[in-house]
Structure formats: structure tokens, C-alpha cells
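*Asks:* Here it is, the structure in full.
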Amino acid sequence: MTALEMLAWAALNQVMDPELDEPITDLGFVRSVEATDDGHLTVHLRLPTSFCSPNFAYLMAGDAKDLLSRLPDAASVVVELDDHHDSGLINAGLAADAGYRGTFGAEAEDSLDELRLTFRRKAHTAAMERALSQEGMDVGARLGDLPDTPLTAALIRRREDLGLTVAPGDPVLVDDEGRPYPAPEAEFRLRRARSTRISIDGNAHFCRGLLRTRYPGSEADQAPRADERFLLPLAIPPVAEAS
Amino acid sequence: MYSKDGENYFIVDAHVALWDARPANQRNIHGQQFIDCFYDYHRNLSPAEETWPYEDFLRYGGERLMKDLFEDGYVDHAIFQPALLGAFYRNGFGQTEEAFALTRKYPGKLTYNHAYDPRFGEDGLQRLREDAKRFDLQGVKLYTAEWFGDSRGWKLDDPWSYRYLEACRELGINKIHIHKGPTIRPLDRDAFDVADVDKVATDFTDLTFVIEHCGLPRLEDFCWIATQEPNVHAGLAVAMPFIHTRPRYFAQIMGELLYWLDEDRIHFSSDYAIWTPRWLVERFVDFQIPADMTEYAPLTVDVKKKILGLNAAALYGIPVPAELQVSPPPAVAPEQQPAVAVA
């Protein structure tokens, strides 16, 4: 791999699938990265189905192009999305730097900022629940009470992404704006956060599996999902017989 | 009916299809992409011994459907939930005439639900009135991500959609199934978004809205709406097969649904022919919430009976032999009950 290709992979590691809250490199969505000796960079992306939502597809492909274009050694950057029902449209839009609205026209009424914010908030909600569920943390825990684990680090990153405070005395359980919930609501809010976390984890299982089915061998390009590393064993343990 | 350990289960498969996805019926590349996507779902989430050859998956026909559901699959009653996909398939994806003919050939076993698209305007409304009479419709399946001209989707709270829902109310079509699942499109008209369900469920309290795929990939949004709207139900199509590949995830889905909704508003669906009901029924009856998931109550036999068939039977007025009922039977929504004269 050339130096520029290595830099490109590192840049692509910063591109997140907003819905699954994981880098596209870990998900196996990067099909190939090629650089010529004179710095022309070509990247191909692939997704789990032809029908993955085009707004997410555009967001990831657009982010990839933006980050790669900032590499000082890249003379030119081509990002192409393969095998998608809107590949033609999206690739033409990326080539022309037309932006989301310029690519999709009338139906793309708004920019992608709101979509991005919605999923950042969901990612934060899920990270909060994971952090509190580890080692049975109390629902009223403060950031400083959390153990030094990857789950805690992930929560801090999500809070910073949203511009929320991260002082050790701040409560873990907060709303999208960083405000703590009144004590009587806390358990209920944690319960809702759990359904968000389950939803995101479930989508990740589904999308990762579909990519492997669609592109045999792509499992080699996927890194294990965080929840598989830290939380949930996949095998179902024996159930105690009801008495 | 399925029997295990001395318990008998009445089975309603609340989401089945009879499709034709052969190349001759594909209008364009999207027709192929669509069935290939289904086939990937099928291969990814089925046990290896349950997977079909691609050719069979493109087109299986009515007699195979009858065998897979009723002879091999323990199903007592099945409900067609067709997708039209006229932009992708010449003669549509779901085969209306063939499916309807089957319901006539096997009375009591099959219910035909139809599909409409409010973007057809007045013509479509007239058609809906004729179809309601001809097919004796009780329910419809709506696919908000369907393409139509330049439009790649619609929302339940669009003005024309309201006109169609008003017509449904008038025509006695009181079960509205809505695909909110992993797919397809769209841009700002985000077909994943379940917020439009909230609006129509509030405005049409006399209709029951069954959200197919229980809002996956937005389970939490769906649960939040269903908690507040008692006429919103969950269909388990696409959620069911996780019982094989991701049993702990499946346990979490069931746990969340039972927590936020209640045991009377969850419906078993195989999504045939993406999956066949036999293995799903067998595994669901054997399934239990893992003991370490203490946040969820165990699944009782009665809850399984309700989910596997009694809930959908109550919703659709499908007769259930008394010995297969549970006590108390699933709650029937007020609009489904016979009208009672009030003095």
C-alpha cells in the first residue's frame, strides 16, 4: 500500500455511518482505495443493499470525498458508490461537487444537517445507556463515577460531538441538550435510551450480515462491532427451567 | 395448528406474499435489484437448510405457497399483504389475481388484503371503491416507499392519503398495514420515519394501524408511538428470523415490544416467501428470554399463543376453536366489535 493510500484509509476511518454509529471502514463499506504515483486517488464504496437509503449513502460518500480532498498529497479525488439504485445520480453529483440538493433536486428539500444531528443524538443516547448498563451503574451516576472503559470513552466522544459538557461532576443521564432529567423520570428515560441502543445494534447486525451475503469475502474487511466486543455474547445461554 | 409439549397453538401468518419477480416481469434493473435484495435477506437470516435456489425464489406459485404454509408450516390462516411496485415490475410484484383466486379456492384459509397508492388521486379512489367490493376488503397494505413518476415516496399524512383513509373508513377497511421497514428510498420524504403513523393513528382512532417490521430500523420511535396510540400494532415480519441468527437481539426486540406495547398487539408474520413459517413457528415456541436479561419478563405459553395467532385472529374476526383460546382472550379493539344498539 502506498503512503497516500494509507493516509486515505486513515481519513476514511473518520467517516461514520450515521445510523449504525460506526466508521465505514469497520463496516466493510470501503471496497477499494487506489492511488497513482502522481497522487490521483480513486475510492469505491459499497453498501449492504441496492436500496440503502440514498440520503445516508450520499452523506457517507460526500463525507469521504470531503475528507480525502483535504489530504495535501492528493492531486485529485474520485469517490464512487457501486451497485446502488442511485449510483449514477450520486456518482455524477459527487464528481461535480453538486452537493446533496444539487444532486437530488426537488425531493431533497433540506440539507443533510438535520439528519446528521438526529443520528448524532441517537448515537449519544445509545452510548449513555451502554455506559450506565456496564457493571450496573446507578441511574444517577456522574461521569466521574464511570469506570475507565471503552464504553465510557465512547460516551465522552459522543457528548463532545454534540457540544455537551464532560466534567466529572456532570450527570451521565441527560437529554439531547445536556440537561439532566428530574429524578422521578430517570428510570423511564434510561428505558427509552435502551430501546434506542437496541435499535441501533439491531440495524448494525442486519447491515453487516447483508453486506457479507451480498459480497462474499467482505467479512474479512469488517471489524467486530463494539457491542460484540464488550457486551453481548452471541450464543444464547441456557435458560433456567421455570419452577 | 402447531402442537408441542401438550400445548396447541392456533397459527395466523399475518404477512405473506405471492410474487412474480422473474426477469420477464422485471421492468428495469430496479426490479432485479429489489428481488436480489429480498434474496439476500433470505440467505442472510435463514438457517442454511431452509434456503431456496434463486430460481424458486423468483417464482414459486400458489400450490407451493399452500404447501409451505398449510401442510408444512402449521398455519391455520394467512393474510396476503401485497406490494405493487409498478415502477419495477410490468405486471406488478404481488400477483393480485392469482392471490385472490387462491382465497376463493381455499375459503377460510386465506384473507386477501389489497394495496393502493394515494398518488393516483381521484382515479385511484374510484378504483379502491371497486376493489373493496370485489375483494371484500377488510384491510390494505401500504408501501410508502413506492416510486411513482418523479416521486420516490409518500407519507400517510399527505392530504391525498387522508382522502384514501377516509374512504377506507367508509368502506369498512379498518386494518391498515404499513410497511415501515428496512428498505429503500428516500430523501427527505424519509420512508423509515414512523412519525406519520402517529398523526394518522390519532386522527383515525377507528382504524387499526399494523406497522410491519415493527418500525425496524427505528424500533424505538415505533415503540414510543405505539405506547401512546392504542390502535397501533406491531407486525413481526423481518424481526422473526433474528430468532436464528441473533437470538439475543430477537429477545431484546420481543422484550421491548412487550414492555412498550402489550401482548395483544403483536402479530407473528413469516413474510413468506422471504422466510417459511415452519421453522419460525417451531423456534418461537421453543424460544425463551435468556435468564440473564433480567429486565424482561419470561415469555409465557399464553403470550406465545397470542402472538402466534390469537391476536391476528381477534383483529380479523377469524374463528378460533374454543380449546385453542387462552383466558382471557386477546382484547378486540372497539371498532372490531359488533355494533351494539344504544337506546
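*Asks:* Give the residues of region B:21-37 that are more than 9 Å from chain A (Cβ to nearest Cβ) and crowded, with 20+ Cβ neighbours inside 10 Å, sorted by residue number.
*Replies:* Answer for region B:21-37, where residues must be more than 9 Å from chain A (Cβ to nearest Cβ) and crowded, with 20+ Cβ neighbours inside 10 Å: B:21, B:26, B:31, B:35.
*Asks:* Further, regarding this structure: Of all residues in region B:193-239 being over 16 Å from the mean Cα position of the chain (by Cα) and closer than 12 Å to residue A:199 by Cβ, which is nearest to the other protein chains (Cβ to nearest Cβ)?
*Replies:* B:220
*Asks:* Now for a different question. I'd like the full set of residues that are surrounded by 13 or more Cβ atoms within 10 Å (Cβ to Cβ), modelled with pLDDT of 95 or more and not in a helix (DSSP H, G or I), limited to region B:119-151.
*Replies:* Residues satisfying the conditions are B:137, B:138, B:139, B:140, B:141.
*Asks:* Please determine, by comparing only the residues of region B:50-66 that are open to solvent by 20 Å² or more (accessible area, probe 1.4 Å) and part of a helix (DSSP H, G or I), which one is nearest to the other protein chains (Cβ to nearest Cβ).
*Replies:* Filtering region B:50-66 for residues that are open to solvent by 20 Å² or more (accessible area, probe 1.4 Å) and part of a helix (DSSP H, G or I), the one nearest to the other protein chains (Cβ to nearest Cβ) comes out as B:54.
*Asks:* Counting just the residues of region B:241-300 that are within 18 Å of the chain's Cα centre (by Cα) and without any contact (Cβ under 8 Å) to a residue 40 or more places away in the chain, which one comes out nearest to residue A:206 (Cα to Cα)?
*Replies:* The extreme case among them is B:250.
*Asks:* Of all the residues that make up region B:1-20, how many are open to solvent by less than 30 Å² (accessible area, probe 1.4 Å) and charged (D, E, K, R)? Walk me through it before giving the result.
*Replies:* Within region B:1-20, the first condition is being open to solvent by less than 30 Å² (accessible area, probe 1.4 Å), and the residues that meet it are B:2, B:9-20.
If we keep only those that are charged (D, E, K, R) as well, we get B:13, B:20.
Selection size over region B:1-20: 2.
*Asks:* When you go through B:255, B:215, B:235 one by one, which is the residue that is among the small types (Gly, Ala, Ser) and within 30 Å of residue A:105 (Cβ to Cβ)?
*Replies:* Criteria check complete, one pass: B:215.
*Asks:* Those residues that are more than 8 Å from every other protein chain (Cβ to nearest Cβ) and open to solvent by 10 Å² or more (accessible area, probe 1.4 Å), I need them from region B:244-260; list them, please.
*Replies:* Correct list: B:244, B:258.
*Asks:* Now, a different point. Take the residues in region B:261-304 that are in a helix (DSSP H, G or I) and open to solvent by 20 Å² or more (accessible area, probe 1.4 Å); name whichever of them is nearest to residue B:79 (Cα to Cα).
*Replies:* Start the filter on region B:261-304 by keeping residues that are in a helix (DSSP H, G or I), which leaves B:277-286, B:301-304.
This time we only want the ones that are open to solvent by 20 Å² or more (accessible area, probe 1.4 Å), so: B:278, B:282-283, B:286, B:301-302.
Values: B:278: 16, B:282: 20, B:283: 21, B:286: 24, B:301: 24, B:302: 22 Å.
Top of the filtered list is B:278.
*Asks:* Separate question: State yes or no: is residue B:339 out of contact with any Leu (no Cβ under 7 Å at 6 or more places or on another chain), within 19 Å of residue B:14 (Cα to Cα) and either outside any helix (DSSP H, G or I) or at pLDDT below 95 (or both)?
*Replies:* Numbers: out of contact with any Leu (no Cβ under 7 Å at 6 or more places or on another chain): yes; within 19 Å of residue B:14 (Cα to Cα): no; either outside any helix (DSSP H, G or I) or at pLDDT below 95 (or both): yes.
Judged against the criteria, residue B:339 is not a match.
*Asks:* Tally time: how many residues in region B:232-266 are touching a helix residue (DSSP H, G or I) at 6+ places or on another chain (Cβ under 7 Å) and among the hydroxyl-bearing types (Ser, Thr, Tyr)?
*Replies:* Counting residues in region B:232-266 that are touching a helix residue (DSSP H, G or I) at 6+ places or on another chain (Cβ under 7 Å) and among the hydroxyl-bearing types (Ser, Thr, Tyr) gives 2.
*Asks:* Moving on. So, of the residues in region A:1-27 that are assigned to a loop (DSSP other than H, G, I, E, B) and more than 14 Å from chain B (Cβ to nearest Cβ), which turns out to be surrounded by the most Cβ atoms within 10 Å (Cβ to Cβ)? Please lay out each step first, then the result.
*Replies:* Pass one, region A:1-27, residues assigned to a loop (DSSP other than H, G, I, E, B): A:1-2, A:13-15, A:18-21.
Subset that is more than 14 Å from chain B (Cβ to nearest Cβ): A:1-2, A:13-15.
Values: A:1: 10, A:2: 15, A:13: 15, A:14: 12, A:15: 23.
By that ranking, first place goes to A:15.
*Asks:* Now for a different question. Going by the structure shown, is residue B:69 at pLDDT 95 or above, in contact with an Asp or Glu (Cβ under 9 Å, 6 or more places away or on another chain) and buried (at least 22 other Cβ atoms within 10 Å of the Cβ)?
*Replies:* Details: at pLDDT 95 or above: yes; in contact with an Asp or Glu (Cβ under 9 Å, 6 or more places away or on another chain): yes; buried (at least 22 other Cβ atoms within 10 Å of the Cβ): yes.
So residue B:69 passes the test.
*Asks:* Only strands (runs of 3 or more DSSP E) wholly contained in region A:29-103 count here; list those with 2 or more residues that are open to solvent by less than 10 Å² (accessible area, probe 1.4 Å) and either more than 14 Å from chain B (Cβ to nearest Cβ) or out of contact with any Ser or Thr (no Cβ under 9 Å at 6 or more places or on another chain) (or both).
*Replies:* Here the list reads A:40-45.
*Asks:* Still on this structure: Taking the stated definitions as given, is residue B:87 part of a loop (DSSP other than H, G, I, E, B) and among the small types (Gly, Ala, Ser)?
*Replies:* Yes.
The values are calculated or read from the model by the stated rules, or taken from the named source; none is laboratory data. Quick caveat, the model's predicted, so the values are computed rather than measured. Neighbour counts run over all protein chains shown; Cβ positions are idealised from the backbone, glycine included. With ligands, DNA and RNA removed, areas are computed over all heavy atoms of the protein, side chains included. Shrake-Rupley method; radii C 1.70, N 1.55, O 1.52, S 1.80 Å.
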